[in-house]
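Inspection log for the structure reproduced underneath, given as structure tokens.
The values are calculated or read from the model by the stated rules, or taken from the named source; none is laboratory data. This is a predicted model, so every value here is computed, not measured. All Cβ positions, glycine included, derive from the backbone under ideal geometry; neighbour counts span all protein chains shown.
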Amino acid sequence: MHRVKVSDVGQKGDGVAHLDDGRTVFIDRALPGELLDIKLFKTKDGALRGTIAEVVAPSPQRAQAPCPHYDTCGGCQMQHMAQDAYRAWKHDKVESILSQHIDEFDLPDFSPDISIPAGTRRRVTFACVKTNNKIVMGYHKRRSKHISDIHECLIVDPVLMRVREQIKPYLMEIVKDNRVIDVFLQVLDGGIDCVITGPVGKDKKGVPDFSVQEACGRMLHETDIARISWRMRERAEPELLLEAHPLFKRAGALQVPVPPLAFLQPSREGEEALAQAVMNAVPEGAKRAADLFAGHGTFTGYMRDKKLQVDAFENDKRAVAALRRAGHAQAKEWDLFKYPLDGKELSGYDVIVLDPPRAGARDQAECIARSQVPCVIYVSCNPSTFARDAGRLIEGGYDLKTIQIVDQFIWSTHAEVIGVFERRVPVA
């Protein structure tokens with residue numbers, strides 16, 4: 001047992017303390033200024049970590065977690081921090097990350113942060129196992145294979161928790177004994193999408209047999225599930241098993257058919273907040289726009305509503321096909337990581353909207369920095385890669401005019417950032 005005083009909270013939400021011999025230890029769910037008795041252990045990567053045995057002197061920021069499963073569930077990370085302190089910590093964390101790549105003179109004042117409320121997450125992946133003739137369905141405990149069988153989740157849409165209970169009897173017939181599978185659920189316009197990942201049924205190979213098909217058929221007709229797909233392993237493309245009717249999402253007036261396991265913004269409320277921020281930043285009089293990493297057209301749809309001509313570039317062929325079926329003929333299948341649009345290809349656009357994955361868009365940002373496009377709106381789910389790419393745009397002659405944090409992931413360490421850039425210096 002070691003007694004330590006916590007000096008800070010790190011980027012990943014862990015408390016940071018130092019042992020008497022100077023070694024740094026990271027402590028789950030610890031807050032600045034707290035005096036703790038901790039038990040030490042090492043992770044596989046050699047990091048020294050601690051678990052709290054006793055909070056000897058708590059921080060004024062410590063709060064009672066609102067979720068009854070917080071002690072055993074590995075989903076949320078920051079429920080032990082009072083809400084005002086949590087929001088301030090997340091803002092300071094993002095500002096600190098940005099300042100590492102962007103000079104303080106180039107960093108504008110932040111627009112007010114947007115916080116998406118709990119209970120709005122429209123997609124969730126539950127770990128599921130059948131053991132002792134019972135379905136256990138929930139989240140993995142932090143750094144553990146143990147599944148916490150939750151009966152309540154404050155972050156997700158209550159519809160998903162209701163559906164979770166509805167489908168348990170059918171999963172008894174689908175899931176193999178003592179084999180963990182994942183069950184993905186997503187609320188879409190028209191119903192709930194369900195994708196099962198892992199070996200199922202009585203077949204030795206784990207592929208859906210007649211008993212699985214029969215159970216899925218009853219689940220489709222007797223619950224709120226509207227579509228069921230299956231895949232053997234993560235990263236494989238889902239195989240459609242049954243569908244009551246097509247599912248879709250709206251992006252402005254654009255109604256986009258959505259394939260199984262489609263990647264969408266985590267909440268409708270968050271998507272609307274991002275879309276509104278983007279549309280507020282589109283320059284008056286803009287006529288042509290490029291939507292890079294367009295996905296299923298979240299920003300394309302809203303820009304179309306404003307009568308912009310939008311070219312949507314996306315590498316996911318299923319998303320491109322969905323946009324075309326929705327009537328957006330200017331959807332282009334394009335790998336922007338391998339083939340970033342260059343200055344010539346970008347010429348003629350009045351505004352670029354880009355929303356890359358967590359890896360950011362380093363090469364594409366380099367090309368934009370050499371272009372003449374007047375306005376760039378960058379939506380990012382990773383402040384670190386946003387800061388890196390923003391630094392390159394600024395070096396290339398853009399001013400970062402506005403920046404805003406959107407917290408779609410309440411009680412987590414993640415945050416989204418929207419930055420609006422305007423060209424200051426013409427390219428020679």
Original post:
Name the residues in the range 118-150 that are in a loop (DSSP other than H, G, I, E, B) and either of a type in the set (Lys, Arg) or in contact with an Asp or Glu (Cβ under 7 Å, 6 or more places away or on another chain) (or both), would you?
Top reply: Gly119, Thr120, Arg122, Lys141, Arg142, Arg143, Lys145
**OP:** Determine, yes or no, whether Ala321 is at pLDDT 95 or above, surrounded by fewer than 16 Cβ atoms within 10 Å (Cβ to Cβ) and either aliphatic (A, V, I, L, M) or at positive phi (or both).
**Re:** yes
Original post:
What residue, among those in the range 77-102 that are assigned to a loop (DSSP other than H, G, I, E, B) and in contact (Cβ under 8 Å) with a residue 60 or more places away in the chain, is surrounded by the most Cβ atoms within 10 Å (Cβ to Cβ)?
Top reply: Gln79
Subject >> Filter result for Ile167 (in a strand (DSSP E or B) and either among the hydrophobic types (A, V, I, L, M, F, W, C) or at positive phi (or both)) >> reply: no
Subject >> Count - residues of the range 170-184 that are closer than 18 Å to Ala226 by Cβ and either among the aliphatic types (A, V, I, L, M) or part of a helix (DSSP H, G or I) (or both) >> reply: 4
**OP:** May I ask you to list the residues in the range 192-215 that are assigned to a helix (DSSP H, G or I) and either in contact with a Leu (Cβ under 9 Å, 6 or more places away or on another chain) or buried (at least 22 other Cβ atoms within 10 Å of the Cβ) (or both)?
**Re:** Val212, Gln213, Ala215
**OP:** Please find, among Gln11, Gln64, the residue that is touching a helix residue (DSSP H, G or I) at 6+ places or on another chain (Cβ under 7 Å) and either surrounded by fewer than 12 Cβ atoms within 10 Å (Cβ to Cβ) or assigned to a loop (DSSP other than H, G, I, E, B) (or both).
**Re:** Gln11
Subject >> Subset of the range 11-40 [acidic (Asp, Glu) and within 24 Å of the chain's Cα centre (by Cα)] >> reply: Asp14, Asp28
Subject >> Among residues of the range 43-56, those that are within 18 Å of Gly13 (Cα to Cα) and either assigned to a strand (DSSP E or B) or modelled with pLDDT of 90 or more (or both), counted >> reply: 6
Subject >> Test for Val256: is it touching a strand residue (DSSP E or B) at 6+ places or on another chain (Cβ under 9 Å) and either part of a helix (DSSP H, G or I) or more than 30 Å from Ile403 (Cα to Cα) (or both) >> reply: no
Subject >> Selected residue [aliphatic (A, V, I, L, M), buried (at least 16 other Cβ atoms within 10 Å of the Cβ), at pLDDT 95 or above and under 20 Å from Leu264 (Cβ atoms)] from Ala312, Ala365, Ala369, Ala289 >> reply: Ala312
**OP:** For Phe248, indicate whether it is under 30 Å from Gly419 (Cα atoms), hydrophobic (A, V, I, L, M, F, W, C) and touching a strand residue (DSSP E or B) at 6+ places or on another chain (Cβ under 6 Å).
**Re:** yes
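Considering every residue within the range 341-350, establish whether at least one is surrounded by fewer than 19 Cβ atoms within 10 Å (Cβ to Cβ), touching a Leu at 6+ places or on another chain (Cβ under 9 Å) and in contact (Cβ under 8 Å) with a residue 60 or more places away in the chain. Before the answer, list the steps.
The first filter runs over the range 341-350 and keeps only residues surrounded by fewer than 19 Cβ atoms within 10 Å (Cβ to Cβ), leaving 342-345, 347-348, 350.
When the remaining residues are screened for being touching a Leu at 6+ places or on another chain (Cβ under 9 Å), the result is 350.
Filter once more, keeping what is in contact (Cβ under 8 Å) with a residue 60 or more places away in the chain: 350.
Within the range 341-350, one or more residues are surrounded by fewer than 19 Cβ atoms within 10 Å (Cβ to Cβ), touching a Leu at 6+ places or on another chain (Cβ under 9 Å) and in contact (Cβ under 8 Å) with a residue 60 or more places away in the chain.
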Original post:
If Ala82 satisfies every condition in (1) at pLDDT 95 or above; (2) under 12 Å from Ser412 (Cα atoms) but one, which is the exception?
Top reply: (2)
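Considering Gly74, Gly138, Gly119, which residue is touching a residue at least 12 places away in the same chain (Cβ under 8 Å), crowded, with 21+ Cβ neighbours inside 10 Å and within 19 Å of the chain's Cα centre (by Cα)?
Matching residue, one of Gly74, Gly138, Gly119: Gly138.
Filter the range 185-207 for residues that are among the acidic types (Asp, Glu) and in contact (Cβ under 8 Å) with a residue 60 or more places away in the chain; which is nearest to Ile225 (Cα to Cα)?
Step by step, filter the range 185-207, then rank; the result is Asp193.
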Original post:
What is the residue count in the range 78-123 for residues that are of a type in the set (D, E, K, R) and more than 29 Å from Arg392 (Cβ to Cβ)?
Top reply: 5
